[in-house]
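In what follows, a structure is listed as structure tokens, so that the remarks can point back to it.
Coordinate-derived values only; no laboratory data. These figures come from a predicted structure and were not determined experimentally. Positions of Cβ are generated from backbone atoms using ideal geometry, with glycine treated the same way; all protein chains shown enter the neighbour counts.
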Amino acid sequence: MPELPEVEITRRGIEPFVLGKAITGITVRNPNLRQRVPRNIARLVVGQRVRRLRRRGKYLLFECDAGFLIVHLGMSGSLRVIEPESAPSKHDHLDLVFGGSALRLRDPRRFGVVLWSRGDSSRHPLLARLGVEPLSEEFSPEFLYEVTRGRDVGIKQLLMNARMIVGVGNIYANESLFKAGINPRARAGRLSRERCARLVDAVRDTLLAAIAAGGSSLRDFVHSDGASGYFQQHYYVYDRATLPCRVCGAAIRVARLGQRSSFYCSTCQT
């Protein structure tokens with residue numbers, strides 16, 4: 001699933017093609033995504049000028065004159081810049097046209113979202129309960145220490161709880177915990193202030209490194225220009241079960257936590 005770095009890379013890639021430009025057309029080939037694309041989407045968005053493009057968690061928000069377009073890439077989606085006349089493939093469900101260029105949503109599993117809304121975006125049902133952004137100043141050692149108090153859940157599961165911290169998926173939670181030297185099964189409520197500070201730094205450093213590396217190439221994810229990321233070449237633990245730890249040489253272990261695979265080094269992560 002595209003995580004925060006992949007969505008942020010998409011945002012940066014498409015921004016020059018949409019910022020300040022008017023939406024001149026929209027083609028919906030299959031409206032049956034996670035939430036059905038509104039029947040009147042063309043009437044709502046055509047003519048709207050994109051004033052700002054921002055990311056909230058794993059959602060892209062096209063802020064326009066009279067509202068905002070919400071886009072989510074789903075489990076395996078991508079949003080690519082194309083020429084409007086380009087022939088679509090099987091899973092190319094929607095094109096958003098900006099004059100001489102277009103954005104094409106490819107979503108094989110159809111878990112994506114394309115919706116139009118008005119008013120305060122922070123109050124939209126899809127966005128209202130999202131937690132703090134891990135690259136923001138709000139995500140501080142003090143915040144993490146306070147939010148973990150009294151919680152008996154494993155720290156990895158808390159990191160992936162979007163109502164607490166938004167956008168940190170399985171890959172980057174694994175890598176961040178390794179960088180911080182914390183076992184994914186460690187009880188969140190027992191983390192010291194020092195370990196919380198270390199983990200905040202590790203999450204931020206891991207996400208920024210992934211963005212700089214172009215993200216991870218996961219199944220169908222590609223950049224807005226069709227290129228692939230290469231952060232997966234630098235994984236320390238994720239998807240490396242039984243392979244030697246890049247730091248100490250011990251075999252990487254895997255455990256099932258919260259229905260997700262957790263990779264860790266029992267020597268480096270306590």
What is the Cα coordinate range of region 1-49 on the first, second and third principal axes, sorted by size from largest, in whole angstrom? 32, 28, 14
Over the chain, what is the relative contact order in percent, taking alpha-carbon pairs closer than 8 angstrom and at least six residues apart? 18 percent
Two pseudo-spin positions, 7 Å from Cα along C-beta at Lys21 and at Arg123, lie apart in nanometres by 3.3 nm
Assuming R0 = 22 Å, can you tell me the calculated FRET efficiency for the pair Asp152 and Arg260, based on Cβ-Cβ distance, to the nearest 0.05? 0.75
Pairing the Cα long axis of helix 4-18 with the longest principal axis of the chain, what angle in degrees results, from 0 to 90 and rounded to the nearest 10? 30 degrees
When the convex hull of its Cα atoms is projected in every direction, mean area for region 152-214 (nm²): 3.9 nm²
Sum of -39500 (n - 2.57) over DSSP H runs of 4+, divided by residues of the chain (222 nm, nearest 500): -7000 deg cm²/dmol
Segment Ser101-Asn30, length gained on full extension (0.36 nm per residue, minus Cα span): 23.5 nm
Can you give me the Rg/Rh ratio for region 106-170, using Cα atoms for both radii and the Kirkwood formula for Rh? 1.05
Quick one: check the C-alpha center-to-center distance for region 54-75 versus region 135-200, whole angstrom. 26 Å
Output row, site Ala162, 7 Å Cα→C-beta label point, backbone N cut-off 13 Å, window region 69-85, residues 71-76
Rounded to the nearest 0.05, FRET efficiency between Asp65 and Asp239 (Cβ-Cβ, R0 45 Å) equals 0.55
What three numbers, in Å, describe the spread of the alpha carbons of region 1-156 along their principal axes, ordered from the longest? 55, 32, 27
Compute the long axis of helix 193-212 from its Cα atoms, compare it with the longest principal axis of the Cα atoms of the chain, and write down the angle in degrees, 0 to 90, nearest 10. 40 degrees
Here the net charge surrounding Thr27, from other residues whose Cβ is less than 10 Å away from its Cβ (Lys, Arg +1; Asp, Glu -1), is 0
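For the chain, count the residues as N, evaluate 2.2 N^0.38 Å, and divide the Cα radius of gyration by that value, please.
Taking the Cα Rg and dividing by 2.2 N^0.38 Å, one obtains 1.07.
What is the dipole size for the chain, taken about its Cα centre, with +1 at each Lys and Arg Cβ and -1 at each Asp and Glu Cβ, in debye to the nearest 20?
820 debye
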